[in-house]
1. Among (1) 1.07; (2) 1.02; (3) 0.98, which is the computed Rg/Rh (Cα atoms, Kirkwood Rh)?
2. Relative contact order (percent) for region 320-414, with alpha-carbon contacts under 8 angstrom and 6 or more residues of separation?
3. Classify region 144-236 as rounded, prolate or oblate from the Cα gyration tensor: take a ≥ b ≥ c as the square roots of its eigenvalues, call it rounded if a/c is under 1.5, otherwise prolate when a/b beats b/c and oblate if not.
4. Quick check on region 30-126: take the gyration tensor over C-alpha atoms, sort the square-rooted eigenvalues as a ≥ b ≥ c, and tell me if it's rounded (a/c under 1.5), prolate or oblate.
5. With labels modelled as points extended 7 Å from the Cα through the Cβ direction, what inter-label distance (nm, one decimal) is found for I402 paired with E135?
6. Where both partners of a DSSP beta bridge lie in region 209-334, what percent of those bridges are antiparallel, to the nearest 5?
7. Counting only other residues whose beta carbon sits under 11 Å from that of N243, what net charge do I get with K and R as +1, D and E as -1?
8. Quote the charge dipole size of the chain about the Cα centre in Debye, to the nearest 20; the model charges only the Cβ of Lys and Arg (+1) and of Asp and Glu (-1).
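Computed from the coordinates by the stated procedures, all read-outs in this text should not be read as laboratory data. The shown structure was predicted, so the numbers you read here are calculated from the model rather than taken from an experiment. Don't worry about glycine lacking a Cβ; one is built from the backbone with ideal geometry, like all the others, and counts go over all protein chains shown.
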Amino acid sequence: MLMNKRLQYLFLFSALSVVLSACSVSPTPKSVSGQYRGVIQSPGGELAFPIHLKANDKSLSGFVVNGADTAAFDEVKLKGDSLIMGYSYYDSYLKATVQSDGSLAGQWARRSEGGDYISMDFSAEKGKTYRYETESPESYPFDGEWQATFKEEDGTTFPAHGNFVSQPGGKLYGTFQTETGDYRFLDGVFTDSTFTLSTFDGPHAFLFKGKLQPGGTIEGDFWSKDTYHATWTAQKGENTLRNPLQISAEQAVGNHVTFSFPDLNGDTVSSADPKFVNKPMLVYLFGSWCPNCADEARMLRKLYAQEYRDTELQIVGLAFEYTGNFQKDADVVSRYKKRFNIPWTLLISGTSDKDKAAEQLPFLDQIISYPTSIFVDRNHNIEAIHVGFNGPATGSTYYNEIQRYKAHINAILE
């Protein structure tokens, strides 16, 4: 009798061990692959975006979808039940634990100005492919162009131009353009009187909400990352924003450009070096952390390869980064260089604080935005200054940007 009980206990222990062993099996790339509805918990509510993960032998790759744009992770790492989906060139990572039901729970961590990381709660449900639940509205009240005014919490206001396109089933796409750049590809849903739009591409975590008012205007809110909030109003109307060549102070045009900063190896490079003497230059101010700067770099790389590779044009990128630590900043700019296969000179020029950056560049009265592109003639005098950059999400405005760059490059090459 005692022996039978021992055998029963042994059997139960063995069965329990098998169950526990099965429960503790680590996720694999194959089991983790699939589609997810990712959510960052914004102060304004759920900031949602679709995530696609794909198993490649023993590794993973993936991307986030924002309207017509896909933001591919440059690294996806699975170790045990820990999953990291990263944009290393932005120092931005989704870090999560794979749950027993296949969902993800963790944090979005991204380096911010000053060098510290911000962190926000992140989760993702597997098998859900929608961004936000949709209805079937009877009207399409948000289509077209809108003149908007944003008001920050300290009372500061700035103009913007909204452009939205509806699709059947309550889908809404579009962007806001400002005088210093655009908010890239916004994706979401609408009803007969409200809309929700969001985007997440590594550095950007934007959430917009709008509500149609009785007079046909829109009132809304805008949240960015963990703390930024602004309200906004809009009325139907065409784009009235200033030309980006007219924003910077007129007196800067004609100023003599000089610079001297370390390259990615720590060697000092100066505008007086032989390679720049009597050569026209495009000197652009950027940050590896800046998506509008990334849009500009992608455009410049293509334009340079197609039309200016065999000319005397010299391009110099002056990087203003978050940490102020040379090696950390050089590392992240090196990833930027590799990402866009950039053949021209990149220099570590200071921190992203605009006032401090302007002190490094006496030929500018102020720095209004990243990116800022300075067209410099053979005598190294400023021919024109282009503030900000409107990328492919702005459609025809993006095409006009390219034409402006070409016109001023051709002018300094003469």
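1. For Rg/Rh (Cα atoms, Kirkwood Rh), the calculated option is (1).
2. On the way: 87 pairs, mean separation 17.5, N = 95.
That works out to 18 percent.
3. Numbers: a/c = 1.57, a/b = 1.15, b/c = 1.36.
In terms of gyration-tensor shape, oblate.
4. Numbers: a/c = 1.41, a/b = 1.32, b/c = 1.07.
Judged from the Cα gyration tensor, region 30-126 comes out rounded (a/c under 1.5).
5. A separation of 4.0 nm, rounded to one decimal place.
6. Details: 14 of 20 bridges.
Around 70 percent of the beta bridges assigned by DSSP in region 209-334 are antiparallel ones.
7. Values: positive: R242, R404; negative: E179, E401.
Overall, the nearby charge balance is 0.
8. 1800
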